[in-house]
1. Spelling out what I want: for every residue of region 5-19, take phi, set θ = phi - 60°, compute 6.51 cos²θ - 1.76 cosθ + 1.60 (Karplus), and round to whole Hz; glycine and proline get x.
2. For region 75-119, what is the Kirkwood estimate of the hydrodynamic radius, computed as the reciprocal of the mean inverse distance between distinct Cα atoms, to one decimal in Å?
3. Quick check: residue separation of LYS91 and ARG72 times 0.36 nm, minus the Cα distance between them. What number comes out in nm?
4. Over the chain, what relative contact order in percent results from Cα pairs under 8 Å that are six or more residues apart?
5. Of the listed values (1) 150; (2) 113; (3) 100, identify the label whose number matches volume of the Cα convex hull per residue in Å³ calculated from this model.
6. If I stretch the segment between SER14 and ALA56 completely, what's the gain in nm (0.36 nm per residue apart, minus their alpha carbon distance), one decimal?
7. Taking θ = phi - 60°, what integer Hz values does the Karplus form 6.51 cos²θ - 1.76 cosθ + 1.60 yield along region 79-87, in sequence order, with x for Gly and Pro?
8. With a 10 Å radius around each residue's Cβ, average the other Cβ atoms per peptide and rank 59-70, 20-31, highest first.
Amino acid sequence: MDLHLLRGSAAINSDDDCYYSNRNPDWGDAGNPDDNPKLDVDCINGCTVENIYFTAPKPGTYTVVAYYYSDRGKGPAVPQVTINARGKAYKLGPRTLSKTGDQWTVATIEVTATDIIVR
């Protein structure tokens, strides 16, 4: 299972996707690491957690996607996602993904100058 954070209307595995092959894209001001997302935990074998943190996102729309990268012959997976924003935890799922290539659009996050809205 892979966790993706997409900026705007980006496609999976693009430059505007924070994921295992683009773990720390530069989406903000040059030299400011806080306004860039970072995949700091990437589960590869036998673990169950992936984590992306984004300390100071720029205003815009972001989408969280769970992608079933490989079932490794084990069948369906049932991911759950927690989004922490401004002191509130949004627990989403579980959702069954049946096979390799299935994806779940977990949430859309709207960041404004004064608020973060998780949908």
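The values are calculated or read from the model by the stated rules, or taken from the named source; none is laboratory data. In this text, all values refer to a predicted model and were calculated from it rather than measured experimentally. Cβ coordinates were reconstructed from backbone atoms using ideal geometry, including for glycine residues, and neighbour counts include every protein chain displayed. Calculation scope for accessible area: heavy atoms of the full protein, side chains included, ligands and nucleic acids excluded. Shrake-Rupley method; radii C 1.70, N 1.55, O 1.52, S 1.80 Å.
1. 10, 9, 9, x, 9, 4, 8, 4, 6, 9, 5, 9, 10, 8, 7
2. Computed over region 75-119, the radius equals 12.0 Å.
3. Extending this stretch completely gives an extra 4.2 nm.
4. Over the chain, the number comes to 23 percent.
5. Label of the calculated value: (3).
6. 13.0 nm
7. With the stated coefficients, region 79-87 comes to x, 10, 10, 10, 10, 9, 9, 6, x Hz.
8. 59-70, 20-31
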